[in-house]
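Sharing a structure below in structure tokens format, with a few things to ask.
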Amino acid sequence: MFGAFERKIALRYLRARRGERFVSIIAIFSLIGIALGVATLIIVMSVMNGFRQELLAQILGLNGDIGIYATSQPLTNYDQLAQQLVQIPGVKSAIPIVQGQVLLSGPQGGASGAIVRGITPEGIKSLPTVANHIVAGSLDSLASGTNIAIGQELAQQFNLQIGSTISLILPQGKVTVIGTIPSIQAYTVTAIFRTGMEQYDSGFVFIPLQSAQNLLQQAGAATQLQLFTQNPDDDSAIEARINAAHPGLNIQDWRANNDSFLAAVVVEGNVMFLILTLIILVAAFNVISSLIMMVKDKSRDIAILRTMGASSGAIMRIFLMCGASVGVLGTLIGFALGTVFCAYIDQIRQFVQWVLGVKLFDPTIYYLETLPAQLNWREVTEVLVMALVLSLLATLYPSWRAARIDPVETLRNE
């Protein structure tokens, strides 16, 4: 389609000569604009994908894929029900949990609200968000007694270490002849975890299941069962099997528990994609401007080429190659910049923080301590195709105008 003659002429036009620097500078800025637009779009979409995956991994690693909750009465048959649920295809494990809200009081004063979870040692070890991030102590101590596992944020807030004592205060309390007295129970810190999510490290504590039943007045019962499945995306089919085997249960999967978060991430991703596409669109308009100026500057050359036998199609293909070369090269440079940036994004963040002396990624706001980035090659391909298509479309009108130049009129005016 593109002959050697056309490629050679296009290459000559792309090289700036004396008196043509301005057109070449516009082309260079067009290339830079396309490269930055593609790189920015790849980086932003990858960071949003990484943020979503990392946050979901943390959420599912603590709360499970499917929750079975008590309705009108507590789950007193939770052991039997857990064994039956594990037999359902797709369910890997079922963890009984007793959960409630408490007030934490440190040995040196101060108080903070938290969510207490009563759980077995086997259960908490199957929670990867906690079990894989123990920084001190051991989870084996949660078998019985008044032992507790807390997050590192809480440990720093109350200045706690392994062996320290912290009190759990239940607002409901116990009813006595003199009124309601809050239930207070002292626990010994035997494990400290650091998940990297400030919400978990400062808001969750774990105690033995039987101790939680006594503290929260749920003797012999559980408030929920957390199920882990083989494929979280197949939870709808697993829920249907659970409903068929055990009708009447209150079942909620991870999508229902995090629907607002998932919807916000999807909307934000779509909006950011549209906004950042404008960068590439602006660069494409620069391609149009540079090509129009090039056609105007090369009108005499075009007329001479036409008189020498070059067809209008050949002229159009020459300028198509000039504009497409800028678009293709800018897209490839943007792809390289985007992928390299995503591969070293957290190191770049740390370097910028070190240079500026400011904290760019506050875990109290974003719930994560690192800046994740996960390339989705389908999205990357869509970005590359979109950039190439926009660049090609930007070359059509100037190339068409160049092909319509009348050589007789042009040479006469010259």
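What aspartates and glutamates sit close enough to Lys359 to cross-link, taking a C-alpha to C-alpha distance under 16 Å and skipping anything fewer than 8 places away on the same chain?
Leaving aside aspartates and glutamates fewer than 8 places away in the same chain, those within reach of Lys359 are Glu198, Asp346, Glu369.
Shifting gears a bit: At 1.4 Å probe size, with no ligands or nucleic acids counted, give the accessible surface of Thr339 in Å², nearest ten.
Approximately 30 Å² of Thr339 is accessible to the 1.4 Å probe.
To continue, here is another question. Put +1 on the Cβ of each Lys and Arg and -1 on the Cβ of each Asp and Glu in the chain; which of Leu320, Gly357, Leu209 then has its Cα farthest toward the positive end of the dipole?
Toward the positive end, the furthest listed residue is Leu320.
Right, next: Carbon and sulfur together cover what percent of the accessible area of the range 93-157 at a 1.4 Å probe radius?
C and S fraction of accessible area: 46 percent.
Beta carbons within 10 angstrom, averaged per residue: use that to sort the peptides 347-354, 54-61, 160-167, highest first.
Order by mean packing, descending: 54-61, 160-167, 347-354.
What residues have an amide H closer than 5 Å to that of Thr223, excluding those fewer than 5 places away on the same chain, when H is modeled at 1.01 Å from N in the peptide plane?
Amide H to amide H, under 5 Å and 5 or more residues apart or across chains, Thr223 pairs with Ile97, Val98, Gln99.
Follow-up question, since we're still on this one. Among DSSP beta bridges whose residues both lie in the chain, state the antiparallel percentage, nearest 5.
Bridges in the chain are about 80 percent antiparallel.
Out of every Cα-Cα pair in the range 55-114, what percent are more than 19 Å apart?
Of the Cα pairs, 52 percent sit more than 19 Å apart.
Now for a different question. Starting from the 7 Å offset along Cα-to-Cβ, what nm value, one decimal, do you get for the label separation of Ala240 and Thr71?
Here the answer is 2.1 nm between the modelled labels.
Using a cut-off of 20 Å between alpha-carbon atoms, which aspartates and glutamates can reach Lys296, once sequence neighbours fewer than 8 places away in the same chain are excluded?
Excluding near neighbours in sequence, the set is Glu6, Glu20, Asp406, Glu409, Glu414.
Please calculate the 1.4 Å probe accessible area of Arg401, with all protein chains present, and give it to the nearest 10 Å².
Using a 1.4 Å probe on the heavy atoms, I get roughly 120 Å².
Here's something else I'd like to know. State to the nearest 20 debye the size of the charge dipole of the chain about its Cα centre, where the only charges are +1 on K and R beta carbons and -1 on D and E beta carbons.
Around 2000 debye, computed over the chain.
Now a separate question. To the nearest 10 degrees, how steep is helix 345-356 against the longest Cα principal axis of the chain, on a 0 to 90 scale?
Taking the Cα atoms of the chain, the angle to 345-356 is about 90 degrees.
For the range 156-305, what is the largest minus smallest coordinate of the Cα atoms on each principal axis, given in angstrom and ordered from greatest to least?
107, 49, 31
I'd like the carbon and sulfur percentage of the solvent accessible area for the range 26-72, probe radius 1.4 Å, heavy atoms only, ligands and nucleic acids excluded.
Answer for the range 26-72 is 69 percent, counting heavy atoms of protein chains only.
Stretch Asn270-Leu329 to full length: gain in nm at 0.36 nm per residue minus the Cα-Cα span?
Working: separation 59, 0.36 × 59 = 21.24 nm, distance 2.62 nm.
Here the segment from Asn270 to Leu329 would lengthen by 18.6 nm.
Can I ask one more? Can you spot the aspartates and glutamates whose alpha carbon is less than 20 Å from Lys125's alpha carbon? Ignore those fewer than 8 places along the same chain.
Glu54, Asp65, Asp79, Asp140, Asp201
Right, something else. Considering the convex hull of the alpha carbon atoms of the range 217-376, report its projected area averaged over all viewing directions, in nm², one decimal.
The orientation-averaged projected area of the Cα hull of the range 217-376 comes to 19.3 nm².
If the convex hull of the alpha-carbon atoms of the range 39-192 is projected onto planes in all directions, what is the mean projected area in square nanometres?
If I average the Cα hull's projected area over directions, I get 13.7 nm².
The values are calculated or read from the model by the stated rules, or taken from the named source; none is laboratory data. Note that this is a predicted model, so its numbers are computed, not measured. For neighbour counting, all protein chains shown are included, and Cβ atoms are generated from backbone atoms with ideal geometry for every residue, glycine included. Accessible surface is based on the protein model in full, side chains and every heavy atom, while ligands, DNA and RNA are left aside. Shrake-Rupley method; radii C 1.70, N 1.55, O 1.52, S 1.80 Å.
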